[in-house]
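Visitor: Can you keep this structure in mind? I'll have questions shortly.
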Amino acid sequence: MRRIFGDLHIHIGSAGGRPVKITASRRMDLHTILFIDAPKKGLEMVGVVDAGSPLVLAEIEGMLNEGRLKELPGGGLQALNGVLLIPGCELETREGVHVIIYLPTLEGLKKYGQYMKKRIKNLTLSTQKAQASVADIMNLTVLLDGIFCPAHAFTPHKGIYGALTERLSILLGREAATIKALELGLSADTDMADRIGETRGFTFLSNSDAHSSPNIGREYNLFRMNDKSFTELRYALENRHERRVMANYGMDPRLGKYHRSYCNDCDLIVEDSPPVQACPACGGHHMVTGVLDRVMAIRDYDEPQHPIGRPPYHYRVPLKELPGLGPKNLNKLIAVFGDEIKIAEEASLDDIARISNPETAAMIGLMRLGRLEIIPGGGGRYGKVKKHNRHE
């Protein structure tokens, strides 16, 4: 079995000189993600969730014709450098929530386009609203032999728990049990999600939802797979044949921009015990409900109830967000250790101190222990690592 790091939610900014994901950097293209960003981050598997755009599909076909990509017998596409591309399609359902379909083949992507061309006004742009329900998309996923995954499930904007329903079983009935993967999102972690009983049957994913190259790999997963292919990914998400997700590496939820509730009138991120549904300052309800507040409002348990075998969740901070670790120092570390995941997970702190400085080594050591002090985020503003961590 192999240990493979993967980030399965990355956006394309442009393809063929035209925009794909409007809010993503135009420098985010397929070649850059596969051949520059993924190796720099230490990722062997990436999920590009805009592959349903005809512009991206055309680039994939071009790379296949040029030999820079090849389709694998087990599904998925392998780049010349060995990085596995998992094609995905993120869209907004009729109910107003974001979901992802991961598809194994080029043929499946084309059939997805045929289905969606009458249901999405502009298929070239990513994450557009479709005239199709969550149940419709789940059915389409089965027909295309894909993998269905609710995206950033707990966020107040477009998350299936955060914006639509308290339970997937209420929305979908018995069909909810067919869902195998659930993306936590940047403002949630395993402890929060496992306060809801029905999540016991889901494999959690921590993905970056990157809209720019520096944010690729800010969250990632460690998979145990026999080889790199779509079939092996499916086995891992379904915990079959000894394949599994071994660990989630994600931002401390307090760093997420929707972690706590926020009053639009007072420009206030609440600090009171959750759930907070009215502003403690003005008493108003013009609030954006935070992920922690939403989870605590709909929870089944006061404490998380982890199913047997639930992978550990390790708190990580993107290296570029660590106070005092600037681009020059980070590039020095990458030149020695090879990639960012090796720096974050494997490199000796003594070596990091020697190559960079003792303060950076201390920060990375505290991060590995989950002991960095955080200023919580909310209302669309990310949290921050307190600078005085550098001196501890």
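The values are calculated or read from the model by the stated rules, or taken from the named source; none is laboratory data. Computed from a prediction, not measured in an experiment: that's the story for all the values here. Positions of Cβ are generated from backbone atoms using ideal geometry, with glycine treated the same way; all protein chains shown enter the neighbour counts.
Quick grid of which residues meet (1) more than 26 Å from K386 (Cβ to Cβ); (2) surrounded by fewer than 21 Cβ atoms within 10 Å (Cβ to Cβ); (3) polar (S, T, N, Q); (4) touching a residue at least 24 places away in the same chain (Cβ under 8 Å):
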{"position": "R260", "(1), (2), (3), (4)": "no, no, no, yes"}
{"position": "A278", "(1), (2), (3), (4)": "yes, yes, no, no"}
{"position": "G283", "(1), (2), (3), (4)": "yes, yes, no, no"}
{"position": "R294", "(1), (2), (3), (4)": "no, no, no, yes"}
{"position": "V317", "(1), (2), (3), (4)": "no, no, no, yes"}
{"position": "K320", "(1), (2), (3), (4)": "no, yes, no, yes"}
{"position": "P323", "(1), (2), (3), (4)": "no, yes, no, yes"}
{"position": "N329", "(1), (2), (3), (4)": "no, yes, yes, yes"}
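Visitor: While we're on this one: For region 97-207, which strands (runs of 3 or more DSSP E) that fit wholly inside it have 3 or more residues that are charged (D, E, K, R), farther than 30 Å from P376 by Cα and at pLDDT below 95?
Guide: Here the list is empty.
Visitor: Here is a follow-up. Consider G309 carefully, then state whether it is under 25 Å from V245 (Cα atoms), at pLDDT 90 or above and touching a strand residue (DSSP E or B) at 6+ places or on another chain (Cβ under 8 Å).
Guide: yes
Visitor: Collect the residues in region 337-392 that are among the aliphatic types (A, V, I, L, M) and either free of Cβ contacts under 8 Å to residues at least 12 places away in the same chain or not in a helix (DSSP H, G or I) (or both), keeping them in residue-number order.
Guide: Correct list: A347, A353, L369, L372, I374, I375, V385.
Visitor: For the subset of region 210-240 comprising residues that are among the hydroxyl-bearing types (S, T, Y) and not in a loop (DSSP other than H, G, I, E, B), which member is surrounded by the most Cβ atoms within 10 Å (Cβ to Cβ)?
Guide: My answer is Y220.
Visitor: Here's a follow-up. Which of the following residues is polar (S, T, N, Q), surrounded by fewer than 24 Cβ atoms within 10 Å (Cβ to Cβ) and in contact (Cβ under 8 Å) with a residue 60 or more places away in the chain: T190, T165?
Guide: When all the criteria are applied, what remains is T190.
Visitor: Residues in region 81-98: is at least one more than 17 Å from S53 (Cβ to Cβ), over 19 Å from the mean Cα position of the chain (by Cα) and of a type in the set (A, V, I, L, M, F, W, C)?
Guide: Scanning region 81-98 turns up no residue that is more than 17 Å from S53 (Cβ to Cβ), over 19 Å from the mean Cα position of the chain (by Cα) and of a type in the set (A, V, I, L, M, F, W, C).
Visitor: Please go through region 304-336 and pick out each residue that is charged (D, E, K, R), in a helix (DSSP H, G or I) and under 24 Å from the mean Cα position of the chain (by Cα).
Guide: Correct list: K320, E321.
Visitor: Determine if region 57-65 includes at least one residue that is under 18 Å from G6 (Cα atoms), in contact with a helix residue (DSSP H, G or I) (Cβ under 7 Å, 6 or more places away or on another chain), modelled with pLDDT of 95 or more and not basic (K, R).
Guide: No, that holds for no residue.
Visitor: When residues of region 244-302 are filtered for being part of a loop (DSSP other than H, G, I, E, B) and within 20 Å of the chain's Cα centre (by Cα), how many remain?
Guide: Here the count works out to 6.
Visitor: Across region 1-15, which residue is surrounded by the fewest Cβ atoms within 10 Å (Cβ to Cβ) among those that are farther than 21 Å from E183 by Cα and modelled with pLDDT of 95 or more?
Guide: R2
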